[in-house]
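Okay, structure first, notes after.
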Amino acid sequence: MTKYSFLQPYTFEIKNITLKNSVVIQPMTERMSFEDGTVTSDETAYYAQHTGGAGMFITAVANVNSLGKGFEGELSIADDRFLPGLSDLASSIKKNGTKAIIQIFSAGRMSSTAILRGKQPVSASAIPAIRADSETPRELSEEEVEQTIKDFGAATKRAIEAGFDGIELHGANTYLLQQFFSPHSNRRNDKWGGSLEKRMKFPLAVIKEATKVIEKYAKKPFLLGYRISPEELEEPGITLDDTLQFIDQLKQTKIDYLHVSQSDVWRTPLRDESSRQIVNEALKKRISNAFPMIVVGNLKTPADAEKASESFDLVALGHESLWEPKWVQKITNNEESAIRYSIAKSDLADLGIKPSFMDQIADTMGGYANMFKEEK
Ligand SMILES: Cc1cc2nc3c(=O)[nH]c(=O)nc-3n(C[C@H](O)[C@H](O)[C@H](O)COP(=O)(O)O)c2cc1C
């Protein structure tokens, strides 16, 4: 009997899919794809090296159409020609029983004319993001909104064909699904915007389309996850109450899990500094066992994961999984003292982290100075 509850298997009851443990590896954009989004052998090697321990591994995000690209070196699932590479990617992850989930999105306004090779980024409305160098996007026409929903469906079908065990819709971190939900980026007056209810329509339509495709094409149980960011700092922006109401709607859908993107599992509300409420606890209470919740944010040690696992269904590792591909195995083998909690430049080649990925990681850590431990 293990001393850690996060090492216990987890079963998604409705689909009857069992994860060998309750640890998830988070989606992390590695910018190692070819320019057009085709999977590279560097990518499959990275995933093959880092998988095998956790119950479920979520890939870097893949764009569902060419206007949805948000980064150089990003994966694409926008066309059938990507299928051979995506099949290799799925196989490289599905080792020792680890389930492979592919995260899919459109970046919307979080892109640029440079990344889109001369095309203007798109969004719910023509409102730029509040960040340095952001560009004013073009508002998607109603026809384009309908087409984007279909593109999410076509991407889901490709994920099934490539042999993944599920998809995760990336509704977090300010990308297109969140842009439709947000009152900052969505100022539309048609059926896709105006009220909170209408701002939920695009994410719900995408979920419905993905569900339809899964029911039609998946020959074995296939998971449908949804990732959210519970709040936005912008004014106007997504409030915790908006998200709680969105959860009420998600409970009417067939999603298999909700993945909450936060920098700290135990964070209190962004928009109300006086509140001591733990955001994840409020979300969990509202979900009330309708579907499981994955929590993330600064989980590093087995003790961190255990504490989170006592309150939530599945616990996910981000940065820590980059430095320590054998995190689960070391715990299982009673080698906890050998877990790596930092990285040195000399570790990068061994860990399969290429320069473009390194840049991406450094960006998330406020620069290289914070990324590398002191080297003797
Ligand atoms: C290099 C890097 C790339 C990331 N790319 C994605 C991504 O493609 N999709 C996504 O939802 N989150 C992405 N994230 C956010 C992580 O999934 C996670 O939420 C974040 O790192 C916080 O968890 P941690 O404290 O355990 O690292 C990325 C994070 C990092 C470090």
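With a simple spin-label model that places each label point 7 Å from the Cα along the Cα-to-Cβ direction, the separation between LYS254 and LYS198 comes to 2.9 nm. The GluC sites (Glu not before Pro) found in the stretch 19-125 that occupy coil by DSSP, while having at most 15 further C-beta atoms within 10 Å, are GLU35, GLU72. Taking max minus min of the alpha-carbon positions on each principal axis, the chain gives extents of 58, 46, 43 Å, largest first. Solvent-accessible area of SER274, all protein chains in place: 100 Å² (probe radius 1.4 Å, heavy atoms, ligands and nucleic acids excluded). Expressed per residue, the C-alpha convex hull volume of the stretch 290-358 stands at 111 Å³.
With a probe of 1.4 Å, find how much accessible area the chain has per residue, and write the answer as a whole number in Å².
42 Å²
Backbone amide hydrogens, once placed in the peptide plane, bring HIS259 within less than 5 Å of TYR226, ARG227, ILE228, ILE294, excluding anything fewer than 5 places away on its chain.
For every helix of n ≥ 4 consecutive DSSP H residues, a contribution of -39,500 (n - 2.57) applies; sum these over the chain, divide by its total residues, and give [θ] at 222 nm rounded to the nearest 500 deg cm²/dmol.
Values: 13 runs with 124 residues, N = 376.
So the helix-based figure for the chain works out to -9500 deg cm²/dmol.
Screening the chain for whole DSSP H helices of 20 Å or more along their axis (Cα) with average Kyte-Doolittle hydropathy at least -0.5 returns 201-217.
For the chain, the carbon plus sulfur part of the accessible surface works out to 49%, probe radius 1.4 Å. Counting only protein heavy atoms and using a 1.4 Å probe, the accessible area of HIS170 comes to about 10 Å². Which of the three applies to the stretch 228-312, rounded, prolate or oblate, going by the alpha-carbon gyration tensor with a ≥ b ≥ c and a/c under 1.5 meaning rounded? In terms of gyration-tensor shape, oblate. Residues whose amide H falls under 5 Å from that of GLY194, counting only those 5 or more places apart or on a different chain, are ARG188, ARG199, with hydrogens built in the peptide plane. Cα centroids of the stretch 162-227 and the stretch 109-138: 20 Å apart.
For the stretch 303-376, GluC sites (Glu not before Pro) meeting the loop criterion (DSSP other than H, G, I, E, B) and having at most 12 other Cβ atoms within 10 Å: GLU335, GLU374, GLU375.
For PHE222, what is the net charge nearby, where nearby means another residue's Cβ is under 10 Å from its Cβ and Lys, Arg count +1, Asp, Glu -1? Around PHE222, the surrounding residues sum to 0. Structure note, pairs LYS254/LYS285; LYS212/LYS326; LYS69/LYS95; LYS20/LYS254; LYS95/LYS254; LYS216/LYS254: Cα-Cα distances above 25 angstrom occur for LYS212/LYS326; LYS69/LYS95; LYS95/LYS254. When Rg and Dmax are taken over the Cα atoms of the stretch 267-313, they come to 11.7, 30 Å.
Within 15 Å, Cβ to Cβ, of ARG267, how many net charges do the neighbouring residues add up to if Lys/Arg are +1 and Asp/Glu are -1? Result for the local shell: -3.
The values are calculated or read from the model by the stated rules, or taken from the named source; none is laboratory data. Here the structure is a predicted model, which means the values were calculated and not measured. Cβ coordinates were reconstructed from backbone atoms using ideal geometry, including for glycine residues, and neighbour counts include every protein chain displayed. The protein model used for the area step is the full one, side chains on, heavy atoms only, and it has no ligands, DNA or RNA in it. Shrake-Rupley method; radii C 1.70, N 1.55, O 1.52, S 1.80 Å.
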